[in-house]
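To start, the structure under review is shown below, and the notes come after it.
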Amino acid sequence: MLEHDWFRRLVEKEFGELLDEFGDEMKNVAVVVEDWPDRGTLHRAGLRSAAQLLGFYHGVPRTARNQGYNLVAPDHISIYRRPIELVAHTPDQVRETVARVLRHEIAHHFGIDDERLDELDAY
């Protein structure tokens, strides 16, 4: 098992690098590290096993926002440490997995769904 602080710092570093690419387009989005997804998130993702979910975008995609989009809580991306540890066995694999999951969840922020990501071969 990876040290929680090391993992959190890795996620912050990888997200910071992605923010450099997207700049102002990622305003009001936070990234949080959690050990496991909760039951509600698993249900929304359509999954039964917490080990299957590596990350999740909680928010309103930019493409779904309209003039009524105000006074809402900031969007956030959850990165799930324990499921990532189950699929990534070395620090380099963890880093690559975290970066891939972050890019995937950021795509959801921009309104790109899983089907389109699959078409783009983004996995």
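The values are calculated or read from the model by the stated rules, or taken from the named source; none is laboratory data. Predicted, not measured: the structure shown is a model, and the values here were computed from it. Neighbour counts run over all protein chains shown; Cβ positions are idealised from the backbone, glycine included.
Some observations on this one:
- Of all residues in region 9-35, those that are assigned to a loop (DSSP other than H, G, I, E, B) and either touching an Asp or Glu at 6+ places or on another chain (Cβ under 7 Å) or surrounded by 14 or more Cβ atoms within 10 Å (Cβ to Cβ) (or both) total 1.
- Any hit, region 37-54, residues being without any contact (Cβ under 8 Å) to a residue 12 or more places away in the chain and closer than 14 Å to HIS104 by Cβ: yes
- Selected residue (only one of ARG44, ARG95, ARG65, ARG100 is more than 24 Å from ARG8 (Cα to Cα) and modelled with pLDDT of 75 or more): ARG44
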